[in-house]
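The values are calculated or read from the model by the stated rules, or taken from the named source; none is laboratory data. Note that this is a predicted model, so its numbers are computed, not measured. Using ideal geometry, Cβ is built from the backbone for each residue, glycine included, and neighbour counts are taken over all protein chains shown. Please note that ligands, DNA and RNA were not included when accessible areas were found on the heavy atoms of the full protein model with its side chains. Shrake-Rupley method; radii C 1.70, N 1.55, O 1.52, S 1.80 Å.
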Amino acid sequence: MFTDLKDKVVVITGAGSGIGKSFAEAFGKAEAKVVMNYRSEHHVEDVDQSIKLIEEAGGQAIKVQADVSVEADVNRLVQTAVDTFGTLDIMINNAGFEKPIPTHEMPLEEWQKVIDINLTGAFIGSKAAVNQFFKEDKKGVILNTSSVHDTIPWPNYANYAASKGGLKLMMETMSMEYAQYGIRINNISPGAIVTEHTREKFSDPTTRAETLEMIPAKEIGEADQVANVALFLASDLASYIHGTTIYVDGGMTNYPAFMGGKG
Ligand code: BGC
């Protein structure tokens, strides 16, 4: 469907699991050339499994270990994409981390870790991508995986909500800087999506019911529903979309508590 994605070189951070892994497989099936970044060794097997799947579908993929919060690592990641496939077309800053801790008990390291991965990681990745696009005089695409919590406050996740709120304004600001060069920068903000990270909490009947209460569509989303939006935003079909956020959330950001006509 997104035929212009064929042979495009896409770097995806945090591709070892969850939404990032499904991005990699979706771009691979669209016959893009996929560079899958992961950080921990325990993701290698999953990454290899996605690479196999992509190759079976006629695509190409490689894996690169790198920590998104370390600038030298991210520069090496982008350079590996260019050395292997000749260019960079699409950068997807997807790596993210979350862990609930009440704010008054949150150790500074836990605050910093989430900001470093979710926000600083996207800054470093976006910066590296823009520099590569400038070097090649290319109208590239940058996508960030944000969250409904770039707009909905989330108790016990102050670091996460702050990182995603910051990511929203960083993306909008960068888009304003680089749209004039034809570089498109946008965010995708998923709501409740089943992945290996959330499967356990959503299989708990109470948590599941409480979550469904907050979703007008009354269903938990799937990773491929998020990946479809990434394919669209990266493709030429989205050629006039700059500096925006697409919420993939079954309506979660739309004040579901008012559904019964209360208030
Ligand atoms: C988080 C999920 C959460 C969802 C809705 C996402 O950003 O990663 O764990 O279920 O927001 O609250």
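For the reader, a short list of remarks on this structure follows.
- Accessible-area composition of segment 3-249, carbon plus sulfur, in percent [1.4 Å probe]: 52 percent
- Rounded FRET efficiency, nearest 0.05, which uses the C-beta distance separating Gln79 from Asn228 and R0 of 25 Å: 0.25
- The relative contact order of the chain comes to 19 percent, based on Cα pairs under 8 Å that sit 6 or more residues apart.
- Expected 222 nm ellipticity per residue - DSSP helices of 4 or more, -39500 (n - 2.57), all of the chain, to 500: -13000 deg cm²/dmol
- Put a plus charge on the Cβ of each Lys and Arg, a minus charge on the Cβ of each Asp and Glu, and nothing anywhere else: the dipole of the chain about its Cα centre is then about 500 debye.
- Test item: Cα-centred dipole of segment 89-133, Lys/Arg +1 and Asp/Glu -1 on Cβ, debye: 140 debye
- Sparse packing (at most 16 other Cβ atoms within 10 Å of the Cβ) combined with a DSSP loop state is found for the following trypsin sites (Lys or Arg not before Pro) in segment 1-105: Lys6.
- Within a Gaussian network of the chain (alpha carbon springs, distance under 10 Å), most fluctuating of Thr87, Thr145, Thr103: Thr103
- Excluding same-chain neighbours fewer than eight residues apart, the lysines reachable from Lys218 by a Cα-Cα span under 28 Å are Lys21, Lys99, Lys164, Lys168, Lys201, Lys262.
- Of the trypsin sites (Lys or Arg not before Pro) found in segment 200-243, those that fall in a DSSP loop while having at most 16 other beta-carbon atoms within 10 Å are Lys218.
- Cα→Cβ-extended label distance, 7 Å offset, between Glu71 and Ala257, nm: 4.2 nm
- Remark: the chain carries 48 Å² of accessible area per residue (probe radius 1.4 Å; ligands, DNA and RNA excluded).
- For segment 1-157, a simple Cβ point-charge model (Lys and Arg +1, Asp and Glu -1, everything else neutral) yields a dipole of about 380 debye relative to the Cα centre.
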